[in-house]
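The values are calculated or read from the model by the stated rules, or taken from the named source; none is laboratory data. Note that the structure is predicted; figures quoted are calculated from it, not measured. Counting neighbours? That spans all protein chains shown, and the Cβs are built from the backbone with ideal geometry, glycine included.
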Amino acid sequence: MTNKLLQTVEKPSLKDAPGEFEVGDTVDVATRIIEGDKERIQVFSGTVIMKKGSGINTTFTVRRIVNNEGVERIFPLHSPFISKITVKRSGVSRRAKLFYLRGRVGKAVRLTEKRKTKRDDAQGEATPSERTTAAKEPKGELAAAAS
């Protein structure tokens, strides 16, 4: 539980929509890098292995393999230097912190991908129990003649 005064001070620094991602997702983090008077965007892509903190102190850790060496980078979620977070792939994880991926190499690092379900299409259809009762009742003119 945080202090109300701290929340009011932090509120202007928080991003409105920092990006919707979860632990286990493969993301591209576009960071702004300032070199002298020039500014460029560098993309760091990898798997999110951890999210922690709250409010302005929220951070997330992204891990990737470069030249058979594991590289992890910790990003502050509400940093002005993070321009964009893009989710490339959603992974299934049953843990909050995926530190066990540090000991894995190659294909063992991959997480199973989340399946996307279409709930909008399913809302218009009848449930299986409604379908069976509708099939038992006569339809149209036969129903009017029977009653």
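Quick notes on this one:
- Among the candidates Glu130, Glu137, Glu125, Glu69, the residue that is more than 22 Å from the chain's Cα centre (by Cα) and either small (Gly, Ala, Ser) or at pLDDT 85 or above (or both) is uniquely Glu69.
- The criterion of being at pLDDT 80 or above and either exposed (fewer than 10 other Cβ atoms within 10 Å of the Cβ) or not acidic (Asp, Glu) (or both) does not hold for Arg119.
- Condition check for Glu10: in contact (Cβ under 8 Å) with a residue 40 or more places away in the chain, among the acidic types (Asp, Glu) and part of a loop (DSSP other than H, G, I, E, B): no
- Flag if Arg110 is surrounded by 12 or more Cβ atoms within 10 Å (Cβ to Cβ), more than 20 Å from Pro18 (Cα to Cα) and out of contact with any helix residue (DSSP H, G or I) (no Cβ under 7 Å at 6 or more places or on another chain): yes
- Within region 24-37, the set of residues being touching a strand residue (DSSP E or B) at 6+ places or on another chain (Cβ under 7 Å) and either buried (at least 19 other Cβ atoms within 10 Å of the Cβ) or on the phi > 0 side of the Ramachandran plot (or both) comprises Gly24, Asp25, Thr26, Val27, Val29.
- Residue count, region 38-71 (criterion: surrounded by 15 or more Cβ atoms within 10 Å (Cβ to Cβ) and acidic (Asp, Glu)): 0
- Check on Val87, in contact (Cβ under 8 Å) with a residue 40 or more places away in the chain, hydrophobic (A, V, I, L, M, F, W, C), surrounded by 11 or more Cβ atoms within 10 Å (Cβ to Cβ) and under 30 Å from Lys116 (Cα atoms): yes
- Search result, residues across region 68-100 that are in a strand (DSSP E or B) and β-branched (Val, Ile, Thr): Val71, Ile74, Ile82, Ile85, Thr86, Val87
- Residue tally, condition free of Cβ contacts under 8 Å to residues at least 40 places away in the same chain, under 18 Å from the mean Cα position of the chain (by Cα) and either within 23 Å of Val92 (Cα to Cα) or part of a loop (DSSP other than H, G, I, E, B) (or both), over region 13-47: 4
- Scanning region 101-119 for residues that are among the charged types (D, E, K, R) and assigned to a helix (DSSP H, G or I) turns up Arg102, Lys107, Arg119.
- Every test in (1) of a type outside the set (Val, Ile, Thr); (2) touching a Ser or Thr at 6+ places or on another chain (Cβ under 8 Å); (3) farther than 25 Å from Asp16 by Cβ is passed by His78 save one, and that test is (3).
- The single residue among Val48, Val9, Val27, Val43 that is in contact with a Phe, Trp or Tyr (Cβ under 6 Å, 6 or more places away or on another chain) and farther than 18 Å from Ala108 by Cβ turns out to be Val27.
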